[in-house]
Amino acid sequence: MDNFGPVGVASPDHTGHDGPDLEPLRAQVRSQWVDVLEHDDFGDDEDFFDAGGNSLLVAEIMAALGAEFGVRVELRLFFAHPTVNELTGALAAHEAFKAAAR
Amino acid sequence: MSASPTSVQGAPWSGWNETTRPFRDDATVPELIAEAARRHPDHPAIVDSDKRVLTHGELDRLSNRLARLLRELGLGRGSSVGVYGERGAPALVGMLAVLKAGASYVPLDPAWPASRVVGLLDRLDVTAVLTDRASLPSVQEFRWEVPSLRHVLCPDIPEEFSWSATFRREQVADLSDPPSGSADPLEAAGFQVCQDHVARFVRSATSAERPSVLEIGCGSGLVVEALAPWASRYVAVDPSPESVARSKEAGDRAGGEVEGVVCFAHEAAERVHGPFDVVVLAGTVRFLPDLDHLTGVLDSLVGLLADDGVIVLADLVGPGLGAGSGLRVPPRYVERLPELLPGVAHAGVHRRRAGEFTGEPAERYDAVIRVEPSRDRAAAPGREPLWTGHHIGLRPAGPLATGPTADDACYTIFTSGSTGAPKGVVVGHRAVVNLIDCMNRTYEVGPADEILFTVSFCFDLSVYDMFGVLAAGATVRVASAADLAEPDTLVDLLEQESITIWDSAPATLGMVMPFVEAREPAGRDTLRLVLLSGDWIPVPLPDQVRGAFPHAEVVALGGATETTVWSNHHRVGEVDLTRPSFPYGQPMQNTRSYVLDSGLRPCPLGEEGDLYVAGAGVGVGYAGAAALTAARFLPDPGARRPGERMYRTGDRARWLPNGDLEFLGRLDDQVKVRGHRIELGEVQSALLQCPGVRAASVVAPVGRRGRTLAAFYVPTAEPLAKAELVSALRALVPSHMIPSRIVALDELPLTSTGKIDRAALLGRL
């Protein structure tokens with residue numbers, strides 16, 4: 001049976017309405033997810049925890065992203081934005097990242 | 001049949017249980033800490049994130065004053081005091097003061113759902129709660145739900161009244177001044193006063209034909225208009241001169257004379273002379289700073305009433321409603337006013353009838369307060385204040401003459417319960433003193449040490465972090481909630497301050513290590529002792545830690561809340577990365593472990609059995625649960641003193657030929673998720689309380705870096721959105737019990753014996 005309903009099932013992949021400039025960041029976020037989850041079988045709108053993630057892996061992702069951009073972010077940013085697309089948007093809107101991108 | 005002592009003790013293959021070591025078995029926790037204060041009065045005891053320092057001497061004196069107040073309130077040996085507050089120095093001072101008074105503390109987390117806190121306080125018949133400024137509004141809302149709760153103390157408010165500091169005359173006057181052109185300040189604030197309803201309600205509440213009326217907070221005169229023509233006298237009070245002027249005009253228009261007085265609600269009793277048949281507060285309560293202020297206002301107004309007079313509170317909003325910002329008044333508060341205010345004979349809550357209102361006003365309610373005859377009011381004792389730092393500061397700083405004994409309870413800490421209700425584990429002073437003695441001696445913890453305190457004080461790891469470290473004359477550096485939210489900040493603290501000890505579940509350190517490793521090292525020489533416990537320790541973690549902090553020794557510890565934090569410890573040496581886990585190591589001093597069969601006979605070497613822990617660390621039992629206590633705390637066949645008991649851990653284990661113990665799983669559905677001990681049954685029980693859930697089962701799959709919680713449920717109709725279920729769960733259980741995955745199924749798979757097939761569920765993830 002595959003009737004998991006709206007919970008726990010991936011919605012269709014994001015089609016990229018928010019402009020091309022987010023693509024490099026999205027690719028980086030996605031690549032961090034792949035590294036820690038050790039698979040790439042998840043959609044860009046899929047919840048990290050449904051994809052097999054846990055909070056220790058969140059720390060690994062955020063430490064790596066922070067180091068890459070030379071910025072500090074609170075872990076709760078991830079918990080509030082637990083999909084690739086949401087996290088990409090949240091990071092892009094984050095003051096520290098904006099400053100780092102300048 | 002129980003085994004004879006010799007057969008339990010004499011496990012010839014192991015020196016495991018040769019642990020007897022003298023310690024101060026008549027000492028108590030506050031004695032140890034007071035002795036440290038005498039040795040090092042000027043040494044920092046507590047440092048917080050604002051870099052405020054409390055020395056050992058200051059801690060001693062502050063906690064003495066608070067302990068004296070607690071004792072005056074009748075709290076001493078045998079009482080338990082709730083501690084409900086943010087992580088910070090005030091909570092630590094509070095817990096120590098509770099112990100000095102002779103009582104035991106019950107830590108409660110403000111992040112827990114209020115219903116859980118209320119249930120726990122109620123079960124333990126707690127009579128007093130210590131809180132802080134940030135958490136006080138919640139206590140003021142929920143305290144009325146706990147019949148036993150009489151005293152609330154908020155030591156970090158220095159003023160006499162909780163509201164003094166927040167109550168600014170200009171601010172309230174501004175709020176009350178109607179913006180020009182707008183009809184009423186309440187309406188301007190988006191709050192519609194139900195004018196006709198209030199008028200009818202007031203008329204029905206009094207038996208006087210032409211009553212004298214005092215209105216507190218008359219605003220622009222809506223109620224004046226409706227009531228003044230009917231009153232024999234009408235006094236309108238408001239802090240805004242403009243409102244008072246408008247109300248007088250409204251009275252003139254309606255054909256009733258109105259006396260106006262410009263003052264605040266709590267000043268009215270001094271400025272206005274009674275008696276009145278009716279005092280009305282219509283919508284006004286929303287503008288008051290807190291419930292304590294309201295209580296004070298009502299107390300003063302009671303004195304203005306005629307013998308058959310009433311106070312009418314109209315348009316009250318309960319805590320269940322999110323409408324607007326103002327003060328929310330729990331109906332239980334109103335109902336308990338006769339206990340609170342000696343002059344009040346009765347206080348009734350009047351819900352609004354269905355269909356009378358639409359929208360938000362239908363959810364509001366009204367209340368009528370009736371008083372004792374004047375002569376009884378005059379003789380009545382005053383009400384008990386909210387106890388603040390002002391009252392505490394009036395007490396002497398010297399120690400109380402008496403305190404607890406080593407046999408008394410020290411704390412009650414709650415752990416997850418399989419039936420849905422948390423279990424309160426009661427631990428006595430002697431057990432904690434043994435733990436402190438063992439740790440401080442073994443690891444040479446002394447005044448030069450400083451611990452980074454990251455653990456919630458609702459978990460028993462905090463017991464050593466606070467009391468063990470303070471007893472050593474060392475320093476507790478309290479990490480704030482904000483520090484804990486950002487691992488980089490914790491790394492800053494480890495690098496920039498002189499932290500020497502870390503103590504946490506492996507997961508907490510596991511979340512920090514990626515940030516440590518992502519940074520250039522700077523100042524990593526002070527950390528010397530890393531204590532890890534509460535969960536399986538990832539085998540590579542100690543090497544990671546020692547690689548980053550060259551002077552750090554890593555110690556793996558194990559134990560249960562029921563046996564006082566830790567029962568065994570293992571200094572991690574060279575790590576064999578092919579091993580699945582670290583050994584149990586050595587027993588703590590005066591601690592014994594037995595592997596027994598179902599007849600309580602010792603299992604032979606290598607044979608699996610139930611793990612029991614005995615000795616000085618065994619707790620008192622479960623609070624208010626005699627049957628459960630009797631089932632888990634049994635007579636110790638190897639007792640060293642008469643009456644000693646052993647604790648059935650629920651772990652399966654066996655002795656190895658090298659004298660070590662091997663852990664072989666659990667007898668029950670208890671799991672560890674990120675160091676949190678969780679009964680899957682408690683999570684399942686919470687899910688079943690969520691609307692729309694017909695059946696549920698919870699599993700704890702092991703993924704990379706440890707376990708997570710996953711829930712499966714069968715909806716009564718359509719599957720629910722995950723966010724909806726999560727928010728329903730948040731009202732029932734702490735956040736660490738909320739599954740990270742929630743999956744809807746048509747039905748739960750069953751095994752051939754009719755039980756839920758958890759293995760099949762795990763396969764679906």
- Note on the structure: With +1 on the Cβ of every Lys and Arg and -1 on the Cβ of every Asp and Glu, the dipole magnitude of chain B about its Cα centre, in debye rounded to the nearest 20, is 1740 debye
- Taking θ as phi - 60°, what are the ³J(HN,Hα) couplings along segment B:407-422 by the Karplus curve (6.51, -1.76, 1.60), each to the nearest whole Hz, with x for Gly and Pro? 7, 6, 5, 9, 7, 10, 10, 8, 10, 4, x, 5, 8, x, 9, x
- Equivalent ellipsoid semi-axes - Cα gyration tensor, segment B:431-475, angstrom: 16, 13, 7
- Message: I'd like the FRET efficiency for A:E23 and B:S727, computed as 1/(1 + (r/R0)^6) with the beta carbon distance as r and R0 of 45 Å, rounded to 0.05.
- Response: 0.85
- Query: Averaged over A:63-73, how many beta carbons belonging to a partner chain fall within 10 Å of each residue's beta carbon?
  - Reply: 4
- Query: Which number comes out as Rg/Rh for the protein assembly as shown once both Rg and the Kirkwood Rh are worked out on C-alpha atoms?
  - Reply: 1.01
- Query: Where does segment B:169-374 land on Rg/Rh, using Cα atoms and the Kirkwood Rh?
  - Reply: 0.92
- Over chain B, what relative contact order in percent results from Cα pairs under 8 Å that are six or more residues apart? 13 percent
- In degrees, nearest 10, range 0 to 90: what is the angle between the Cα axis of helix B:241-254 and the longest Cα principal axis of chain B? 50 degrees
- Query: Karplus couplings for segment B:424-433 from phi (6.51 cos²θ - 1.76 cosθ + 1.60, θ = phi - 60°), rounded to Hz, Gly and Pro as x?
  - Reply: x, 8, 9, 10, x, 4, 4, 5, 6, 4
- Under 13 Å from a label point 7 Å along Cα→Cβ of B:D196: give me every residue in segment B:340-379 with its amide N that close. B:356-358
- With an 8 Å cut-off on Cα pairs and a minimum separation of 6 or more residues, tell me the relative contact order of segment B:272-358 in percent. 30 percent
- Kindly provide the GluC sites (Glu not before Pro) of segment B:518-577 that DSSP labels as loop, not H, G, I, E or B, and whose Cβ sees at most 16 other Cβ atoms within 10 Å. B:E574
- Query: With charges set only on the Cβ (+1 for Lys and Arg, -1 for Asp and Glu), what does the dipole of segment B:169-374 come to about its Cα centre, in debye to the nearest 20?
  - Reply: 500 debye
- Cα-based convex hull, segment B:70-125, per residue volume (Å³, whole number): 68 Å³
- Can you give the extra length, in nm with one decimal, that the chain gains between B:L750 and B:A485 once fully stretched, where that is 0.36 nm per residue apart less the Cα-Cα distance? 91.3 nm
- Message: Using only the alpha carbons of segment B:617-698, what is the convex hull's orientation-averaged projected area in square nanometres?
- Response: 8.5 nm²
- Item | Modelled FRET efficiency - R0 56 Å, B:E384 with B:R641, Cβ distances, 0.05 increments | 0.85
- Message: Just to verify a number: what accessible area does B:S480 come out at with the full protein assembly present, 1.4 Å probe, Å² rounded to tens?
- Response: 30 Å²
- Item | 13 Å reach of a label modelled at B:E249, 7 Å along Cα-to-Cβ, counting backbone N of segment B:217-241 | B:220-222
- Task: Rounded to the nearest 500, what is the 222 nm mean residue ellipticity of chain B from helices alone, with -39500 (n - 2.57) per DSSP H run of 4+ residues and division by all residues?
- Result: -8000 deg cm²/dmol
- Query: So which GluC sites (Glu not before Pro) in segment B:43-142 are both in a DSSP loop and have at most 13 other Cβ atoms within 10 Å of their Cβ?
  - Reply: none
- Mind ranking B:H273, B:H346 by accessible surface for me, highest first, 1.4 Å probe? B:H273, B:H346
- Taking N as the number of residues in segment B:261-351, what is its Cα Rg relative to 2.2 N^0.38 Å? 1.05
- Note on the structure: Measure of exposure for B:W230: accessible area at 1.4 Å probe, Å² rounded to 10, is 40 Å²
- Query: Dividing the alpha-carbon radius of gyration of segment A:20-101 by 2.2 N^0.38 Å (N being the number of residues), what value is obtained?
  - Reply: 0.98
- Query: With axes computed from alpha carbons, what is the tilt in degrees of helix B:114-123 against the longest principal axis of chain B, rounded to the nearest 10 within 0 to 90?
  - Reply: 70 degrees
- Note on the structure: The Cα radius of gyration of chain B, divided by 2.2 N^0.38 Å with N its residue count, comes to 1.10
- Rounded to the nearest 10, the angle in degrees between the Cα long axis of helix B:29-39 and the longest principal axis of the Cα atoms of chain B comes to 90 degrees
- Taking 0.36 nm per intervening residue step and subtracting the Cα-Cα distance, what contour gain separates B:D576 from B:D597 on full extension? 4.4 nm
- Only loop residues by DSSP count here, and only those with at most 16 other Cβ atoms within 10 Å; note down the GluC sites (Glu not before Pro) in segment B:618-696 that meet that. B:E644
- How many nm is it between the label spots at B:E363 and B:H551, if each spot is 7 Å from the Cα in line with the beta carbon? 5.7 nm
- Task: Give the ranking of B:R579, A:R76 by solvent-accessible surface, highest area first, calculated with a 1.4 Å probe.
- Result: A:R76, B:R579
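The values are calculated or read from the model by the stated rules, or taken from the named source; none is laboratory data. None of the values given here were measured: they were computed from a predicted structure. Cβ: placed from backbone, ideal geometry, glycine included. Neighbour counts: every protein chain shown. Note: accessible area is taken over every heavy atom of the protein model, side chains too, but ligands, DNA and RNA are not part of it. Shrake-Rupley method; radii C 1.70, N 1.55, O 1.52, S 1.80 Å.
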